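Engineer: Dumping the structure here so I can ask a few things about it.
The values are calculated or read from the model by the stated rules, or taken from the named source; none is laboratory data. None of these values were measured; they are calculated from a predicted model. Surface accessibility is based on the protein's heavy atoms, side chains included, excluding ligands, DNA and RNA. Shrake-Rupley method; radii C 1.70, N 1.55, O 1.52, S 1.80 Å.
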Amino acid sequence: MALAVALTGCNDLGLGKSKSNSSSSQSPSSGSGSKSGAKKTKFALGEASPAQESSKTRSADAKFTVTPTEVKTGTKADMDNSGLKKDDKDGPQVPVYVWSTLTHTSGTAMEISDMDDDLVIKTDSGQRTRALLVMMGDAKWPNCPEPDSEKQLTQGQSEKICTAFLIPEGSKPVAVELLQGFHGEPLEWPVTN
């Protein structure tokens, strides 16, 4: 039986006060639009993020993009058949699968785990959840194999991965977010299904 840890939070993942001004300059067509210096923060699924800088010492000069392409909510049966030990204090949960393409754009080679570690699922209740970390065994998800997190990508290489998140049963994912540190507003890909 696998043991898993899910990192969850109540809007406290270093997002600051970004919620209060999040709708003013984020229309999908506002890349370099009306506000001078305003950076685009909302994207459609399938649209690549701006180049991200590595936060890891071993690849400090590296840049990469993240492109979430598909989001699907799993079922209670997926959870029951995953091999994960249930934690009753978290209540019933279901998996959310996010498929993304990670592309190394420049600099030192990077591990896949260094490129997707700031992805978050935001639910309709405003909860933000980081990816499921599995320790002491592998969780099994239908059509969502665990990525080879130690695989290194060099400039120009891409990897398509699936990442599993756990959310409370009955909640719906409303966005994939890519955290931008404590002071930057997260990038967001709304989920429209």
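Engineer: If a/c stays under 1.5 just call it rounded; otherwise compare a/b with b/c (prolate if a/b is bigger, oblate if not). Do that for the stretch 102-193, with a ≥ b ≥ c from the square roots of the Cα gyration tensor eigenvalues.
Structural biologist: Values: a/c = 2.02, a/b = 1.29, b/c = 1.57.
In terms of gyration-tensor shape, oblate.
Engineer: Another question, if that's okay. With all protein chains present, calculate the accessible area of Lys56 using a 1.4 Å probe and round the result to the nearest 10 Å².
Structural biologist: In the full protein context, Lys56 sits at about 60 Å².
Engineer: How long is the gain from Asp87 to Thr75 if the chain were fully straight, where each residue apart is worth 0.36 nm and the alpha carbon distance is subtracted? Could the numbers behind the result be given before it?
Structural biologist: Numbers: separation 12, 0.36 × 12 = 4.32 nm, distance 1.68 nm.
Length gained between Asp87 and Thr75: 2.6 nm.
Engineer: For Lys160, Lys42, Lys140, give me the order by solvent-accessible area with a 1.4 Å probe, most accessible first, ignoring ligands, DNA and RNA.
Structural biologist: Ranking Lys160, Lys42, Lys140 by accessible area, largest first, yields Lys160, Lys140, Lys42.
Engineer: A further question follows. For the stretch 119-193, report the accessible area per residue in Å² (1.4 Å probe, heavy atoms, rounded to an integer).
Structural biologist: Value returned for the stretch 119-193: 53 Å² of accessible area per residue.
Engineer: Cross-link partners among lysines for Lys56, C-alpha distance below 20 Å, same-chain residues fewer than 8 apart left out?
Structural biologist: Lys151
Engineer: Still on this structure, I have one more. Give me the aspartates and glutamates in straight-line cross-link reach of Lys89: C-alpha distance below 14 Å, same-chain residues under 8 apart excluded.
Structural biologist: The qualifying aspartates and glutamates are Glu169.
Engineer: For the stretch 69-193, which whole percent of the accessible surface, found with a 1.4 angstrom probe, sits on carbon and sulfur atoms?
Structural biologist: Roughly 49 percent of what the probe reaches on the stretch 69-193 is carbon or sulfur.
Engineer: Below 12 Å, Cα to Cα, which aspartates and glutamates can Lys172 reach? Residues fewer than 8 away in the same chain don't count.
Structural biologist: Asp124
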